[in-house]
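Below: the structure, in structure tokens.
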Amino acid sequence: MKKEQRKKLPRRDFLKNVLRSCAGLMLPGFLFAKEAGKKAAALLLDGLYNPAEHSWGMGIDINKCIGCGRCADACKKENNVPNVPFFFRTWVERYRVFENGETLIDSPNGAVNGFENLTDERTIIRSFFVPKLCNHCNNPPCVQVCPVGATFQTVDGVVLVDAEYCIGCRYCIQACPYGARFLHPETRTAEKCTFCYHRVVRGKLPACVEVCPTQARIFGELKKKASPLVRFMRMNKIRVLKPALNTEPRVYYSNLDMEVR
Amino acid sequence: MAKFKEKLNWRFGWLWFNKEKVFMKSWQKIPEQIRRLLVLMVLLIVLFLIVRSWLIPPDCGKYGHYRASAVDNIISQPLRYAGQVECGDCHEDHMEVKNAGYHKNLACEVCHGPAADHIENPDEVELLAPRGRGYCPLCHEYLPARPTGFPQIVSDSHNPMKPCIACHEPHDPKPPETPRECSACHAQIARTKSISHHVYVPCTRCHETPEEHKIRPRDFRPTKPQTREFCGGCHATQTPEIKGIPQVDLQTHGQRYVCWQCHYPHLPEAH
């Protein structure tokens with residue numbers, strides 16, 4: 001009996017405290033719910049953009065790329081990517097395949113400053129440029145590994161990072177087979193190509209596509225009949241990078257060489 | 001325990017009204033240890049629901065399994081590149097010239113830089129274009145990896161010290177004179193040929209090139225030799241022997257292939 005009496009009071013107090021603190025915990029939730037509702041209205045850009053009506057993708061024609069690197073440069077300017085090597089949302093690689101079967105791949109500063117003619121070209125058997133970026137996979141490994149659900153795929157097929165929820169653990173950077181992610185040196189959160197989502201929802205092209213001088217990059221709808229991307233996919237033999245990984249990329253290459261990985 | 005029940009009854013009596021007795025009876029029938037577990041379970045479930053509502057952001061799930069406001073943050077990022085449609089609103093004259101020339105597919109902002117700020121404040125933010133020799137070679141410097149046919153120069157030997165805009169108007173970059181040399185655009189082929197045995201064979205010996213090809217390269221294409229006899233003019237044993245030129249019997253060599261299907265005429269070394 002004595003034992004019970006001793007237990008009674010703490011339990012009641014405990015229950016009271018639990019109920020009180022629960023009410024307190026719910027409060028910010030209710031407050032934020034109102035605010036979030038407001039923001040979501042802005043997201044739809046006053047009803048001008050409905051993500052469910054779109055499905056974005058990109059085509060890249062290797063035969064047209066001249067390796068000027070304007071895409072990598074524009075991307076850095078548009079998205080405030082730190083202007084130092086190693087941080088790229090998009091970059092251009094140069095492949096040089098030599099007679100002896102050796103392949104050299106380089107991308108000096110992501111091609112932001114272009115390329116220089118380096119080797120004795122007599123022994124080159126073929127050489128070309130390959131622009132690279134996040135492949136916006138339909139089956140994205142980076143989304144699978146994120147422990148806090150900070151990276152996700154939108155309805156229109158763009159893989160994005162929630163910078164507020166990202167804890168900077170770099171699992172996604174490891175998981176991405178295309179090396180498309182990096183840790184932003186200031187915010188310490190994962191960053192990657194967003195297909196310039198802020199431009200796309202306003203009906204503009206991604207910055208890299210906008211500045212490409214030879215139309216080597218084609219951006220558009222995947223599931224509409226009258227779309228430059230669908231035409232590109234109809235007129236070319238296309239391939240994706242690392243198809244064996246089953247990531248189902250949304251970035252399609254035409255005239256891609258077997259050496260490209 | 002009895003006191004506790006009374007208090008409970010007074011506080012939550014409204015929950016069961018007259019059914020109180022029925023409820024209490026069936027409640028009493030449950031063994032003590034199960035009752036405790038049930039209470040604990042209900043508490044845990046409530047606690048779980050509360051913690052869950054606290055941890056999951058309220059706008060999660062509006063579009064998918066993510067915060068709607070995360071997308072909001074991403075799209076609220078300011079634009080730097082305006083797009084060349086906007087440029088044409090004010091600079092019609094330049095657009096007209098540009099859209100008629102070779103640079104018709106080149107966006108204004110490639111050379112002039114991001115223009116969104118300039119469109120907001122045309123008087124305060126001025127856009128400049130590179131005027132030295134450094135910028136144009138980003139696209140037009142000779143690189144073997146560039147697709148052939150794309151106009152390329154070797155800037156070390158191409159009018160050194162002269163800025164590009166001295167001769168080329170960037171909005172309509174016609175060469176000041178129609179290029180005589182094929183190497184102006186086909187630099188890689190010219191370079192390969194220059195180290196081969198065909199170095200002294202002019203391009204036009206094999207490629208019949210319409211004059212218009214220099215102006216509209218894609219609409220008027222040069223020809224390629226279509227017969228084995230064309231190469232045989234020098235390389236067949238039937239023709240008079242010329243010192244140093246390898247010759248083969250066309251009857252037995254190469255069967256049904258045209259010569260250039262095996263030999264690269266710009267670097268025709270057989271071994």
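All of the numbers you see were taken from the coordinates with simple rules; none came from a lab. Everything quoted here is computed from the prediction, not taken from an experiment. For neighbour counting, all protein chains shown are included, and Cβ atoms are generated from backbone atoms with ideal geometry for every residue, glycine included.
A few comments on the model shown:
- Each label was represented as a point 7 Å from its Cα along the Cα-to-Cβ direction; for B:Lys21 and B:Glu120 these points are 7.7 nm apart.
- Cross-link reach list, aspartates and glutamates versus B:Lys174, counting only Cα pairs under 18 Å and skipping chain neighbours closer than eight places: B:Asp93, B:Glu96, B:Glu141, B:Glu211, B:Glu212, B:Asp219
- Within straight-line reach of A:Lys242, meaning a Cα separation under 15 Å, sit the following aspartates and glutamates at least 8 residues removed in sequence or on another chain: A:Asp257, A:Glu259.
- The mean of 1/r over all distinct Cα pairs in segment B:78-218, once inverted, gives the Kirkwood hydrodynamic radius of 17.4 Å.
- Estimated translational D of chain B in µm²/s (Stokes, Kirkwood radius over Cα pairs; 20 °C; 1.002 mPa s): 77 µm²/s
- Dipole in debye (nearest 20) - segment B:224-271, about Cα centre, beta carbon charges: Lys, Arg +1; Asp, Glu -1: 140 debye
- Counted by neighbouring Cβ atoms within 10 Å, the residues B:Tyr81, A:Tyr197, A:Tyr49 run from fewest to most as A:Tyr49, A:Tyr197, B:Tyr81.
- Ranking of A:Asp162, B:Asp156 by neighbouring Cβ atoms within 10 Å, starting from the fewest: B:Asp156, A:Asp162.
- Nearest-0.05 FRET efficiency for A:Asn100 and B:Arg216, computed from C-beta distance (R0 41 Å): 0.55
- Evaluating 6.51 cos²θ - 1.76 cosθ + 1.60 at θ = phi - 60° for every residue in segment B:54-62, the Karplus couplings come out as 7, 7, 8, x, x, 8, 6, x, 5 Hz, glycine and proline recorded as x.
- Extents of the protein assembly as shown, taken as max minus min of Cα coordinates on every principal axis and listed largest first, are 126, 64, 40 Å.
- Divide the volume of the convex hull around the Cα atoms of chain A by the residue count and you get 191 Å³ per residue.
- For the set A:Lys225/B:Lys214; A:Lys224/B:Lys98; A:Lys64/B:Lys214, the pairs lying more than 26 angstrom apart at their alpha carbons are A:Lys225/B:Lys214; A:Lys224/B:Lys98.
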